[in-house]
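Structure first, then comments.
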Amino acid sequence: MIFFELAKRNLRLHLFRSILAVLGVIIGVTSITAMGILGAGIVLFISEDLTKVSDTLVVSPHVGGAMGFSTANDRITDRQFEQIKRAAAPSLAVPVYQTSDRMSVGSEETAGIIYGLDPKDMPVFLDIKEGSMLRGSSGAMVGARFAEDNKLKVGSLIGVRDKGTLRVSAILKERGMGFDINPDYGIVVSSKWFQDSYNRKEYDSVIVKVKSLDEIDSTKKTIEKALNRGRETVVDVVDTRKIMETILDSFSRISLFTTAIGGISLVVAGVSILNVMLMSVTERTREIGIMRSIGAKRKEVRRMFLYEALLLGLIGSGIGAVLSVFAGLLVSQVMLQTTRFVFAPSSMIYILYGMAFGVGTCLLSGFYPAWKASDLNPIEALRHE
């Protein structure tokens, strides 16, 4: 192991230059790992929200467009709902009313989405943060963001334009992104209040909660077959699982892209190490000639320089790995407002990737200088001043 000891000695003799090279590796490994942790955190963050609706089919009128607001002649009738219900059985089919309207809270005017649901179906989609689940037809449950923006609490009054006043019975937990209903920025009322206030019976959409994910494709085909007969398309059936997979795939690509950006700094560090090692070869040409003249083999000279590159990579990658955890915590807190995804296995694996990439970059950067040093002619090297 004499050549390993010589490698350590050489790094100590040129300590400042070695520190600069290590610093480049530290920055590179920290960047690539922190970006990887952030990307994995984003995927986990989005996945957590979307998984809640991955067992869902959304049936909406064809003319109105999938999950769009409907017009008076573009809604789902009671007869069509019964067809959907029979086709989806034994899965649960829930009819949904949906519109947007102007509202008032005290003297302040605002606007939001209004969902109408049968009270017995509300627990399927909604979780209570404060208050109690809606029972009568004169109250409303308020989305978390809508309540925060308008400073609402349980017992507050909300005026709906030309429709009277609703008392807040509950503040809902934030639901996040969804493809069935998004009550965070709106309110939920009973289907009876909605029918009476807007004078209509037809539904804007029907949400089907499939009992098993294995049945989601067959249930979708059954509904389409029951309502879309011949060339006439009556309803669109949206499989939220497919949308979820598409979105997660897109965010995975974004994660890969952000990681690649972090990798650029590591490539720059590799160039710096290449420069350091080439300078080292030039400065130590006579020393290499002496080693070769007393019997050192070419592969042993190569090994000594590769040991130097390896030491730089291990030291820089090790420190970078530690710092990347703190960097990952920081960027996750800033970007996602949470750090709970940082220590997930899919995030932590980027530390290993970063370290491996760091060490590998250093070895690749040291290969040419090592080869150049081992290829020096001993006699010419001894003459070098």
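The values are calculated or read from the model by the stated rules, or taken from the named source; none is laboratory data. This is a predicted model, so every value here is computed, not measured. Cβ sites come from the backbone with ideal geometry, for glycine too, and all protein chains shown count toward neighbours.
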Item to check | Sole residue being modelled with pLDDT under 90, in contact with an Asp or Glu (Cβ under 7 Å, 6 or more places away or on another chain) and not hydrophobic (A, V, I, L, M, F, W, C), chosen from T71, T51, T56 | outcome: T56
Next on the checklist: Which numbered condition in (1) farther than 23 Å from V58 by Cβ; (2) small (G, A, S); (3) buried (at least 21 other Cβ atoms within 10 Å of the Cβ) is the only one that G143 fails?
Outcome noted: (1)
Item to check | Residues being under 46 Å from the mean Cα position of the chain (by Cα) and outside any helix (DSSP H, G or I) - total across segment 1-18 | outcome: 1
Item to check | Sole residue being in contact with a Lys or Arg (Cβ under 7 Å, 6 or more places away or on another chain) and small (G, A, S), chosen from S212, S197 | outcome: S197
Item to check | For D162: the one exception among (1) among the acidic types (D, E); (2) more than 24 Å from I207 (Cβ to Cβ); (3) modelled with pLDDT of 90 or more | outcome: (3)
Checklist entry - Among the residues of segment 204-212, is there at least one that is within 16 Å of G139 (Cβ to Cβ) and touching a Gly at 6+ places or on another chain (Cβ under 9 Å)? => result no
Checklist entry - If you take the residues in segment 297-326 that are small (G, A, S) and in contact (Cβ under 8 Å) with a residue 40 or more places away in the chain, which one is farthest from V342 (Cα to Cα)? => result A309
Next on the checklist: So, restricting to strands (runs of 3 or more DSSP E) that lie completely within segment 150-234, which ones have at least 3 residues that are more than 35 Å from the chain's Cα centre (by Cα) and either touching a residue at least 12 places away in the same chain (Cβ under 8 Å) or assigned by TED's automatic domain parsing to the domain that holds D127 (or both)?
Outcome noted: 157-160, 164-172
